[in-house]
Amino acid sequence: MATWTEVERAAPELAARVAALLGRGKHKTMATLRRDGSPRLSGIETEFSDGELSLGMMAGSRKLADVRRDPRIALHSPSVDPPEDDPTQWPGEARVSGRVREVPYPGEGPDGTYFAVDVTELVLTEIAPTADKLIITSWRPGEQVRRVERT
């Protein structure tokens, strides 16, 4: 696992693009694991500060119970449709997978429980400049950035 600072050092271009996509809108989608192991999707707000990707959860929320039981999560950037007249202008979508670790209350914002995300994988999906395939760029700690094209 890697802190966001470590991600930026290991894969700076990919980290910057993923951060930009996550910053594109206020609400992201987060997946957690329910008690029975099935996925739960919830809305979440995130921010980057002090070298961490962080988020908060309200007391008593289902997602908080989920991550206290199993800290694995996946975050997905806000989605927009590719422009029909030029799909190559689509900004793409990003996913961050990892584990949350509780951090102290930041001193501002609503009461709740706050977490930093330790990253296990970054994925960026975009349309190729030729508009005929998807390009999937990914990174995991200890590995090089990987790029796969799918038609």
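For the stretch 16-34, a residue qualifies if it is of a type in the set (A, V, I, L, M), touching a helix residue (DSSP H, G or I) at 6+ places or on another chain (Cβ under 7 Å) and crowded, with 20+ Cβ neighbours inside 10 Å, and exactly one does: 30.
When the stretch 31-77 is filtered for residues that are closer than 21 Å to residue 6 by Cβ and in a strand (DSSP E or B), the ones remaining, listed by number, are 46, 47, 48, 49, 52, 53, 54, 55, 72, 73, 74, 75.
From 64, 55, which residue is buried (at least 18 other Cβ atoms within 10 Å of the Cβ) and either of a type in the set (S, T, N, Q) or within 13 Å of the chain's Cα centre (by Cα) (or both)?
Numbers: 64 fails: either of a type in the set (S, T, N, Q) or within 13 Å of the chain's Cα centre (by Cα) (or both).
Just a single option satisfies the conditions, and that option is 55.
Scanning the stretch 49-107 for residues that are on the phi > 0 side of the Ramachandran plot and either without any contact (Cβ under 8 Å) to a residue 60 or more places away in the chain or of a type in the set (Ser, Thr, Tyr) (or both) yields 50, 51, 60, 107. Of all the criteria given as (1) buried (at least 17 other Cβ atoms within 10 Å of the Cβ); (2) farther than 23 Å from residue 139 by Cβ, the one not satisfied by residue 43 is (1). Being modelled with pLDDT of 95 or more and over 20 Å from residue 124 (Cα atoms) is the requirement here; does residue 69 meet it? Yes. Just wondering, is there one or more residues in the stretch 89-101 that are among the acidic types (Asp, Glu), modelled with pLDDT under 95 and under 27 Å from residue 145 (Cα atoms)? Within the stretch 89-101 (the criterion being among the acidic types (Asp, Glu), modelled with pLDDT under 95 and under 27 Å from residue 145 (Cα atoms)), the answer is no, since none of the residues qualifies.
If the requirement is being surrounded by 15 or more Cβ atoms within 10 Å (Cβ to Cβ) and part of a helix (DSSP H, G or I), which of these qualifies: 6, 13? If you could, list the steps in order and put the result at the bottom.
Details: 13 fails: surrounded by 15 or more Cβ atoms within 10 Å (Cβ to Cβ).
The conditions single out 6.
Look through the stretch 73-89, keep the residues that are more than 14 Å from residue 25 (Cβ to Cβ) and surrounded by fewer than 16 Cβ atoms within 10 Å (Cβ to Cβ), and return whichever of them is farthest from the chain's Cα centre (by Cα).
Keep residues of the stretch 73-89 that are more than 14 Å from residue 25 (Cβ to Cβ), which gives 73-74, 82-89.
Next cut, surrounded by fewer than 16 Cβ atoms within 10 Å (Cβ to Cβ) only: 82-89.
Values: 82: 20, 83: 23, 84: 26, 85: 28, 86: 26, 87: 23, 88: 22, 89: 21 Å.
Looking at residues that are more than 14 Å from residue 25 (Cβ to Cβ) and surrounded by fewer than 16 Cβ atoms within 10 Å (Cβ to Cβ), I get 85.
The number of residues in the stretch 1-22 that are farther than 23 Å from residue 78 by Cβ and of a type outside the set (S, T, N, Q) comes to 5. Only one entry in 99, 147, 95 is assigned to a strand (DSSP E or B), surrounded by fewer than 14 Cβ atoms within 10 Å (Cβ to Cβ) and either under 12 Å from the mean Cα position of the chain (by Cα) or basic (Lys, Arg) (or both), namely 147.
The values are calculated or read from the model by the stated rules, or taken from the named source; none is laboratory data. What you are looking at is a predicted structure, and each value in this text was computed from that prediction instead of being measured. Ideal geometry is used to build each Cβ from the backbone, glycine not excepted, and the neighbour counts take in all protein chains shown.
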